[in-house]
Amino acid sequence: MGKLNGMPDKDGSGEKLVAAREYETKYEIARGERPLFHVTPPVGWMNDPNGFSVYDGKVHLFYQYHPYSTEWGPMHWGHQVSDDLMRWEQLPVAIAPDTTYDAEGCFSGTAIEKDGEHILIYTSVMKNPDGDGVLQNQSIAVGDGITYKKIQNNPVVTGDMLPEGLSRADFRDPKVWLEDGRYYMAAGCVDQDNKGLVVLLSSTDMDSWTFESVLARNEGNLGGVWECPDFFKLDDHHVLLVSPTGMKAEGYEFHNGNNSIYFVGEFDKNEKKFEGGEPLSLDYGTDFYAPQTTLLLDGRRIMIAWMQSWHNLWIPGGQKWQGMMTLPREISIKNGILIQKPVREIESYRADKVVYTDEPISGQRSLEGIAGRSIDMTLTIKGGEYNSFAVDLAKGEGYYTRFTYDRCSGIIELDRTFAGFERDVVCIRRARVKSDAELHEGIGGTADDRADRDEISLRFILDRNSIELFVDDGLMTMSTTIYTPVTATGIEFSCDGKAVVDIEKYDIKMS
Ligand code: FRU
């Protein structure tokens, strides 16, 4: 396998990259004005995580990036690195849309190591020379962990390699991995009936690629383009993550518009087809999209997502950065369900522990020492006589974000109506916690199954502008952005009867 030939700017002069680097250095917003431990852009707009990978001993995270404004624009790849997934170091912009084949944007993709080099595989978007609209192809940039050069042979994968009937305009977001000495690429696409699918290609050298199969497709009601696919082995199964556009709400499982969903199933290596089980939501909050995973050297599979949503976002005037990532999450499978836990590295940043044990809560209560906007707090509702239990976070004059647990139905409602918005975005979302019966016998039980569950644990991670809830040790998550002034640090509990709770709360401190 020969090295990929990185070239010093075929038709790109490099000016756009230099300009973006100068801009982000000049206008970088102080860390103190952004969330403490979630990845945010130094300035401007961020969307999907890209190229989440381990290279040269560090975790690299690239992201869809438009430094010049807080709105989406010509896509660059921004770049940060970390030793522990909590503290991130800013690196210069990695690639800019500066060639004829990516003039319309460097869209999402992967990074992987090959022959000691760090290879970025991204969607290069160009105007369609023979008609309207754009062509989306896949291209490569080769680098050393800081500087990346696009290769001579770009684009290495074009829509012409796909079978008739598959889109050339919506063919994007390659995920590349090495398996049995071959490189595989899974990319999102759509057929002529506007149904999403994932195509699989392969290569021995990453320079020349062949179409293998349609790995998986929307056989039901699962939206248009299957954006940002990720495909990997986890705990003896294969998992496919996709982020479909244009989905329809279904029960408490899916909501309208862009969703991120997953299937746990098996990969038929001969047919190159994935047989997935029932699709489920990855996150039940308001802000979670385009997740990507990577494998750490210690064997943990880590997932990170854009903690925002295309249809649901509000860009606060005056704020010079927009968009952030979720906390990286350790994922595993239990009874067919993807379990997500905050990376354990967060524990090294815990300070000022406050504990309550067997605390009775009735009516409205706040508790000494329980407050803050950068915290890790686990509340275990152990039982008692109650039906509804609510937690108000980021509470202050006129502000709160409420999570209400209904014990009978097992439904958790998130309500961020009073979280500082000046726009009528979606603020309420409900999700149903899976019962023990469902967990043991597969999904599909009813609310009645909940009778067997008397205890529930709610772990809240707050980082100034966001709240991530991990229910029952990662069985379900709800992520949301909030725009509440940071002075609103209150936490209040309320209960319609009398509940007994344990609380363990830490401040998260980065210095
Ligand atoms: C998903 C997405 C990708 C695309 C990128 C463009 O959020 O639409 O499909 O590559 O964003 O920024």
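The values are calculated or read from the model by the stated rules, or taken from the named source; none is laboratory data. Quantities reported herein were computed from a predicted structural model and do not represent experimental measurements. In this analysis, Cβ positions are derived from the backbone assuming ideal geometry, glycine residues included, and neighbour counts consider all displayed protein chains.
Points worth noting:
Here's the yes/no breakdown for (1) within 30 Å of Asp496 (Cβ to Cβ); (2) in contact with a helix residue (DSSP H, G or I) (Cβ under 9 Å, 6 or more places away or on another chain); (3) surrounded by fewer than 17 Cβ atoms within 10 Å (Cβ to Cβ):
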site: Gln322; (1), (2), (3): no, no, no
site: Ile333; (1), (2), (3): no, no, yes
site: Ile337; (1), (2), (3): yes, yes, no
site: Ala351; (1), (2), (3): no, no, yes
site: Ala371; (1), (2), (3): yes, no, no
site: Lys382; (1), (2), (3): yes, no, yes
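- Checked against (1) away from the ligand (no atom under 16 Å from the Cβ); (2) surrounded by fewer than 23 Cβ atoms within 10 Å (Cβ to Cβ); (3) under 30 Å from Lys16 (Cα atoms); (4) modelled with pLDDT of 95 or more, Gly159 meets all criteria but (1).
- Test: residue in the range 34-52 that is within 16 Å of the ligand (Cβ to nearest atom), out of contact with any Leu (no Cβ under 9 Å at 6 or more places or on another chain), at pLDDT 95 or above and hydroxyl-bearing (Ser, Thr, Tyr): no
- Meets criteria (touching a helix residue (DSSP H, G or I) at 6+ places or on another chain (Cβ under 7 Å) and within 16 Å of the ligand (Cβ to nearest atom)) for Pro174: no
- Only residues that are among the aliphatic types (A, V, I, L, M) and surrounded by fewer than 16 Cβ atoms within 10 Å (Cβ to Cβ) were counted across the range 229-254, and they come to 2.
- Residues being surrounded by fewer than 24 Cβ atoms within 10 Å (Cβ to Cβ) and either within 15 Å of the ligand (Cβ to nearest atom) or without any contact (Cβ under 8 Å) to a residue 24 or more places away in the chain (or both) - total across the range 108-120: 1
- Within the range 257-280, considering residues that are free of Cβ contacts under 8 Å to residues at least 40 places away in the same chain and out of contact with any His (no Cβ under 7 Å at 6 or more places or on another chain), the one nearest to the ligand (Cβ to nearest atom): Asn259
- Inter-residue pairs, beta-carbon under 6 Å, first in a strand (DSSP E or B) and at pLDDT 95 or above and in the range 459-477, second among the basic types (Lys, Arg) and buried (at least 23 other Cβ atoms within 10 Å of the Cβ), 6+ apart: Leu462/Arg373
- Any hit, the range 283-292, residues being more than 16 Å from the ligand (Cβ to nearest atom), out of contact with any Phe, Trp or Tyr (no Cβ under 6 Å at 6 or more places or on another chain) and not aromatic (Phe, Trp, Tyr): yes
- Scope the range 58-88; condition away from the ligand (no atom under 16 Å from the Cβ) and touching a residue at least 60 places away in the same chain (Cβ under 8 Å); matching residues: Lys58, Val59, His60, Val81, Asp84, Leu85, Met86, Arg87
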